[in-house]
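Colleague: Structure incoming, see below.
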Amino acid sequence: MAHNSVVAIANQKGGVGKTTTAINLGAALAMDGHPTILIDLDPQGNASTGLGIGVEQRQRTVYDLLAGSESLTDCLMATDIPDLSIVPATSDLSSADVDLAQTRDRTRLLHRKLQDAPKGSIILIDCPPALGLLTLNAMVAADGVLVPLQAEFYALEGLSQLLTTIKHVRQGGNPDLRVNGVLLTMSDSRNNLSQQVEADARATLGDLVFPTIIPRNVRVSEAPSFAQPVLLYDPASKGSAAYRQFAREFAARLKLVKEEA
Ligand code: ADP
Ligand code: MG
């Protein structure tokens, strides 16, 4: 793979599985041999916590990357998974919208800093639950957007607003921005509602919806309190199996080939 793939994991709804997907897709891709960088772009810092980076360890954060002179390499931290690194976030990021409002090219700050990423990396950006300046920075920097959709009643609501934002980003200087696809999360196969939402999503969005669905699985929700991806916390769980399978589909859709040694 000659250049980098930059993926914004976005949905302005909270609690739909963005962070869980960023952590576990990142872990699965890295364990499959794809060097992966996770950018924690949410002031809540849940992706950082979930990968074992305690608040007191977060020396240089994504805020420094956006607002300061730090380079991407300056801000990268290693995780327990060899090929997975992260730029952590702290709550100071919550004032970024205000602090950066007067900055020139304020939607291109992340794009610029990602230019010196190691060649052949996959860069996953965990977006906050809003379509503000941070998510715009992610979309301007990205090649594609991955949209987690929780398999619940109002799942498709809000999607048109997200697609409108993507259209604006295309018109505003990132014409090749794609939608990588839609991932159904927290699905309960015993629940008719989940099945109905899946049928609706596939009827409306067609092949954009990934074949793999992430099931609701208690091991997935427990893993963050052990500061681990579920792939390390319980590799045999249904949640781990689903994220491993999804990572292969995702890599195939990105047309990634593993670097041969
Ligand atoms: P977002 O980043 O979109 O706000 P999260 O990834 O933080 O969403 O997920 C919201 C909550 O749902 C978290 O408590 C998370 O642990 C839980 N969760 C996410 N995916 C699953 C799943 N497949 N099974 C069970 N719980 C899940
Ligand atoms: Mg999140």
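Colleague: So the check is Cβ under 7 Å with 6+ separation or different chains; which pairs have a first residue in region 206-218 that's polar (S, T, N, Q) and a second one that's assigned to a loop (DSSP other than H, G, I, E, B)?
Modeller: Filtered contacts from region 206-218: Asn217/Ser237.
Colleague: A further question follows. Given the criterion part of a loop (DSSP other than H, G, I, E, B) and either within 11 Å of ligand 1 (Cβ to nearest atom) or farther than 27 Å from Asn217 by Cα (or both), identify the matching residue among Glu70, Glu56.
Modeller: On the way: Glu56 fails: part of a loop (DSSP other than H, G, I, E, B).
After applying the criteria, what remains is Glu70.
Colleague: Another one. So which pairs qualify, if the first residue must be in region 122-135 and touching a residue at least 60 places away in the same chain (Cβ under 8 Å) and farther than 18 Å from Thr21 by Cα, the second must be more than 8 Å from ligand 1 (Cβ to nearest atom) and not in a loop (DSSP other than H, G, I, E, B), the Cβ gap must be under 8 Å, and the two must be at least 6 apart or on different chains?
Modeller: Close Cβ pairs (under 8 Å, with a partner that is more than 8 Å from ligand 1 (Cβ to nearest atom) and not in a loop (DSSP other than H, G, I, E, B)) amount to Leu131/Gln161; Leu131/Leu162; Leu131/Thr165; Leu134/Leu93; Leu134/Ala96; Leu134/Asp97.
Colleague: Among the residues of region 176-183, is there at least one that is surrounded by 13 or more Cβ atoms within 10 Å (Cβ to Cβ) and in a loop (DSSP other than H, G, I, E, B)?
Modeller: Yes - at least one qualifying residue is present in region 176-183.
Colleague: Could you tell me which numbered condition Thr20 fails, if it satisfies all but one of (1) surrounded by fewer than 24 Cβ atoms within 10 Å (Cβ to Cβ); (2) assigned to a helix (DSSP H, G or I); (3) within 15 Å of ligand 2 (Cβ to nearest atom)?
Modeller: Condition (1) is where Thr20 drops out.
Colleague: Looking only at region 79-108, filter to residues that are within 19 Å of Gly172 (Cα to Cα) and either hydroxyl-bearing (Ser, Thr, Tyr) or touching a Cys at 6+ places or on another chain (Cβ under 9 Å) (or both); which one of those is surrounded by the fewest Cβ atoms within 10 Å (Cβ to Cβ)? Give the derivation first.
Modeller: The first filter runs over region 79-108 and keeps only residues within 19 Å of Gly172 (Cα to Cα), leaving 97, 100-108.
Checking the rest, the ones that are also either hydroxyl-bearing (Ser, Thr, Tyr) or touching a Cys at 6+ places or on another chain (Cβ under 9 Å) (or both) come to 103, 107.
On the way: Thr103: 14, Thr107: 21.
Checked region 79-108; the qualifying residue surrounded by the fewest Cβ atoms within 10 Å (Cβ to Cβ) is Thr103.
Colleague: Related question: Out of (1) under 23 Å from Ala30 (Cβ atoms); (2) in a loop (DSSP other than H, G, I, E, B), what's the single condition that is false for Gly173?
Modeller: Of (1) under 23 Å from Ala30 (Cβ atoms); (2) in a loop (DSSP other than H, G, I, E, B), only one is false for Gly173: (1).
Colleague: So, one more: Test each condition in (1) more than 13 Å from the chain's Cα centre (by Cα); (2) assigned to a helix (DSSP H, G or I); (3) modelled with pLDDT of 95 or more for Gly26 and report the one that comes out false.
Modeller: Every condition holds for Gly26 apart from (1).
Colleague: Being outside any loop (DSSP other than H, G, I, E, B) and either in contact with a strand residue (DSSP E or B) (Cβ under 7 Å, 6 or more places away or on another chain) or in contact (Cβ under 8 Å) with a residue 60 or more places away in the chain (or both) is the filter here, so list the residues in region 73-84 that pass it. Working first, answer last.
Modeller: Just the residues of region 73-84 that are outside any loop (DSSP other than H, G, I, E, B), to begin with: 73-75, 77-78, 84.
Correct list: Cys75, Met77, Ala78, Leu84.
Colleague: Let me ask something else about it. Six or more apart or on different chains, Cβ atoms under 7 Å: show the pairs whose first residue is in region 4-27 and within 16 Å of Ser121 (Cβ to Cβ) and near ligand 1 (Cβ under 10 Å from one of its atoms) and whose second is among the β-branched types (Val, Ile, Thr) and modelled with pLDDT of 95 or more.
Modeller: Pairs that qualify, where the first residue is within 16 Å of Ser121 (Cβ to Cβ) and near ligand 1 (Cβ under 10 Å from one of its atoms) and the partner is among the β-branched types (Val, Ile, Thr) and modelled with pLDDT of 95 or more, are Ile9/Thr21; Ile9/Ile125; Ala22/Ile9.
Colleague: Let me ask something else. Output the residues belonging to region 29-50 that are away from ligand 2 (no atom under 13 Å from the Cβ) and either of a type in the set (A, V, I, L, M) or in a loop (DSSP other than H, G, I, E, B) (or both).
Modeller: Taking region 29-50 first, the residues away from ligand 2 (no atom under 13 Å from the Cβ) are 29-37.
Hits for region 29-50 are Leu29, Ala30, Met31, Asp32, Gly33, His34, Pro35, Ile37.
Colleague: Do we find that Pro88 is under 12 Å from Asn11 (Cα atoms) and within 16 Å of ligand 2 (Cβ to nearest atom) in this structure? Please lay out each step first, then the result.
Modeller: Working: under 12 Å from Asn11 (Cα atoms): no; within 16 Å of ligand 2 (Cβ to nearest atom): yes.
No.
Colleague: Just to be sure I understand, how many residues within region 117-136 are in a helix (DSSP H, G or I) and within 16 Å of ligand 2 (Cβ to nearest atom)?
Modeller: First pass over region 117-136, keeping only residues in a helix (DSSP H, G or I): 133-136.
In the following step, the residues that additionally are within 16 Å of ligand 2 (Cβ to nearest atom) were identified as 134-135.
Qualifying residue count for the region: 2.
Colleague: Additional query: Quick test of your reading of the structure: Leu159 fulfils all but one of (1) within 16 Å of ligand 1 (Cβ to nearest atom); (2) at pLDDT 95 or above; (3) surrounded by fewer than 19 Cβ atoms within 10 Å (Cβ to Cβ). Name the failing condition by number.
Modeller: (2)
Colleague: Moving to a separate point now. Across region 3-17, what is the number of residues that are part of a strand (DSSP E or B) and either more than 24 Å from Asp116 (Cβ to Cβ) or more than 11 Å from ligand 2 (Cβ to nearest atom) (or both)?
Modeller: Going through region 3-17, the residues part of a strand (DSSP E or B) turn out to be 5-9.
Next, only the ones that are either more than 24 Å from Asp116 (Cβ to Cβ) or more than 11 Å from ligand 2 (Cβ to nearest atom) (or both) stay: 5-8.
Counting residues in region 3-17 that are part of a strand (DSSP E or B) and either more than 24 Å from Asp116 (Cβ to Cβ) or more than 11 Å from ligand 2 (Cβ to nearest atom) (or both) gives 4.
The values are calculated or read from the model by the stated rules, or taken from the named source; none is laboratory data. Owing to the predicted nature of the structure, the values given are computational and were not obtained by experimental measurement. Reconstructed Cβ throughout: ideal geometry from the backbone, glycine too, with neighbour counts over all protein chains shown.
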